[in-house]
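Please read the structure below before turning to the comments.
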Amino acid sequence: MDGNGRWAQRRGYPRYFGHVRGTSRVKNVVREASRLGVKALTLYAFSTENWSRPDEELSVLWRLLKKYLIREVDELARENVRLNVIGEVERLDPEVRKVLFAAIDRLKNNTGLELTFALSYGSRRELTLAAQRFAEDCVSGIRHSGELTERLMSQYLWTSILGELSEVDLVIRTSGEKRISNFLLWQAAYAEFYFTDLCWPDFGPDDLKQAVEEYSTRERRFGGVRSPATSLPLILKADGHGNTNDVDRA
Ligand code: FPP
């Protein structure tokens, strides 16, 4: 959700006004994601680095989040959306946590779009904590070091709540920046990237649709090669002896 501050400053408004407009964008973008059949949408709303912002800005952000959750929870329930959170949630104000977990609880039996807010989120922090927890499990004898696979590693990440959906297909970055900014580094290993100069407060349902349409034209090879017959990407599985046989289509 990048570019709120710049959007406001370019128009001569205080930065917080960009957050107000940015929050009002969330509703329609979430609805459009559901309509497009997107299974999981993660909004990077607040990074571990964002804690360094001035206190006044932080208090506006948390107030906006609470207001959004209180106002939109009925609509999210009608749209069959499930809500999740990833990040160091224990750092959030208890009042914010209360509203957040009430909304998560209310929507927990829904089966539609998995909407995840990344709050106080940092991917390096997530990976470090995962390594720590795995090491602790080894020390206590629940695990042994040799059994660590990529799949098992994924289970130690905050995104494990999303299961298979934790694999990111598309990252949309607003505001013209072309960085990943500590976002889902593990999960986005094979993601496609879409960059737009629009700041988040100007990003609407049509822009999401355009990004998804462009994504659908991308050829994803996952390190494999292209099939001349079908133009679908081929994935060649190695047999462990340097040979590739066993062919799948992605
Ligand atoms: C990025 O803009 C946006 C944020 C750091 C905060 C976004 C969070 C909210 C608006 C709170 C409500 C959240 C939800 C999910 C309803 P920026 O300030 O970094 O913009 P800049 O790069 O132009 O300064």
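The values are calculated or read from the model by the stated rules, or taken from the named source; none is laboratory data. Here the structure is a predicted model, which means the values were calculated and not measured. Positions of Cβ are backbone-derived with ideal geometry, glycine not excepted, and every protein chain shown enters the neighbour counts. Note: accessible area is taken over every heavy atom of the protein model, side chains too, but ligands, DNA and RNA are not part of it. Shrake-Rupley method; radii C 1.70, N 1.55, O 1.52, S 1.80 Å.
Are any of the residues in segment 166-174 open to solvent by 70 Å² or more (accessible area, probe 1.4 Å) and within 25 Å of F203 (Cβ to Cβ)? Break it down into steps so the answer makes sense when it comes.
Here is the first cut: in segment 166-174, the ones open to solvent by 70 Å² or more (accessible area, probe 1.4 Å) are 167, 169.
Those still in the list that are within 25 Å of F203 (Cβ to Cβ) too: 167, 169.
Yes, some residue in segment 166-174 is open to solvent by 70 Å² or more (accessible area, probe 1.4 Å) and within 25 Å of F203 (Cβ to Cβ).
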Only unsatisfied item for E56, checking (1) within 16 Å of the ligand (Cβ to nearest atom); (2) of a type outside the set (G, A, S); (3) part of a helix (DSSP H, G or I); (4) under 22 Å from K27 (Cα atoms), is (4)
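Test of understanding: among A8, A40, A45, which residue is modelled with pLDDT of 95 or more, open to solvent by 30 Å² or more (accessible area, probe 1.4 Å), within 11 Å of the ligand (Cβ to nearest atom) and not hydroxyl-bearing (S, T, Y)? Break it down stepwise before answering.
Working: A8 fails: open to solvent by 30 Å² or more (accessible area, probe 1.4 Å); A40 fails: within 11 Å of the ligand (Cβ to nearest atom).
Selected residue: A45, the only one of A8, A40, A45 that is modelled with pLDDT of 95 or more, open to solvent by 30 Å² or more (accessible area, probe 1.4 Å), within 11 Å of the ligand (Cβ to nearest atom) and not hydroxyl-bearing (S, T, Y).
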Being more than 13 Å from the ligand (Cβ to nearest atom) and either open to solvent by less than 10 Å² (accessible area, probe 1.4 Å) or at positive phi (or both) is the filter here, so list the residues in segment 85-112 that pass it. L107
Could you tell me whether segment 27-34 includes any residue that is surrounded by 18 or more Cβ atoms within 10 Å (Cβ to Cβ), in a helix (DSSP H, G or I) and near the ligand (Cβ under 9 Å from one of its atoms)? no
If you take the residues of segment 65-84 that are open to solvent by 20 Å² or more (accessible area, probe 1.4 Å) and within 26 Å of E126 (Cα to Cα), which of them is nearest to the chain's Cα centre (by Cα)? R82
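When you scan segment 1-28, how many residues do you find that are hydrophobic (A, V, I, L, M, F, W, C) and touching a strand residue (DSSP E or B) at 6+ places or on another chain (Cβ under 8 Å)? Even if it seems obvious, please write down each step before you answer.
Filtering segment 1-28 for residues hydrophobic (A, V, I, L, M, F, W, C) gives 1, 7-8, 17, 20, 26.
With the extra rule that they be touching a strand residue (DSSP E or B) at 6+ places or on another chain (Cβ under 8 Å), the set shrinks to 1, 26.
Residues flagged as hydrophobic (A, V, I, L, M, F, W, C) and touching a strand residue (DSSP E or B) at 6+ places or on another chain (Cβ under 8 Å) within segment 1-28 amount to 2.
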